[in-house]
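Single-structure report; data block below.
The values are calculated or read from the model by the stated rules, or taken from the named source; none is laboratory data. Here the structure is a predicted model, which is why all the values come from computation and not from measurement. Heads up, the Cβs are rebuilt from the backbone with ideal geometry, glycines too, and the neighbour counts pull from every protein chain shown. Heavy atoms of the whole protein, side chains included, go into the accessibility calculation; ligands, DNA and RNA do not. Shrake-Rupley method; radii C 1.70, N 1.55, O 1.52, S 1.80 Å.
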Amino acid sequence: MMRAESMFMRGKSVVITEATTALGRATAEGLARRGASLVLVGGDRVQLSSVAERVIRDFPDTMLKTLVADLSSMMEVRRSASEIMSEQHRIDV
């Protein structure tokens, strides 16, 4: 039987920016543990893939997408937001 805390985010869609930082990785793991669907955003494709692989390895039922983006550029922010919104029916967090 699953603990109540592990069900807390089931069905929720979460976008995590700076997912390649220590805080981003910990956030992704914690939300995956609780059943959230994740969109991981980061500026380095290799590091982002590493984070995604780790999350999927530890939480294989997690629905996860990665998006490489330099969020210091407003053009990239707009492009990223547009891409996320075209693929997600909603964003909860």
- Query: Roughly what angle does helix 45-58 make with the longest principal axis of the chain, taking Cα atoms, 0 to 90 degrees, to the nearest 10?
  - Reply: 10
- Message: As I understand it, the value is the acute angle between the Cα axis of helix 22-33 and the longest principal axis of the Cα atoms of the chain; what does it come to in degrees, rounded to 10?
- Response: 40
- Query: Using the heavy atoms of the protein chains alone and a 1.4 angstrom probe, what is the accessible area of region 7-93 per residue in square angstrom?
  - Reply: 60
- Give the relative contact order (percent, whole number) for region 31-93; include only Cα pairs under 8 Å separated by 6+ residues. 33
- Extend 7 Å from the Cα of Gln47 along its Cα-to-C-beta direction; within region 53-82, residues with backbone N under 12 Å of that point are 69-71
- Surface/4 of the Cα convex hull for the chain, nm²: 5.8
- Note on the structure: Checking rank on 20-27, 74-81, with mean other Cβ inside 10 Å and highest first, the result is 20-27, 74-81
- Helix 74-87 sits at what angle to the longest principal axis of the chain, using alpha carbons and giving 0 to 90 degrees rounded to 10? 40
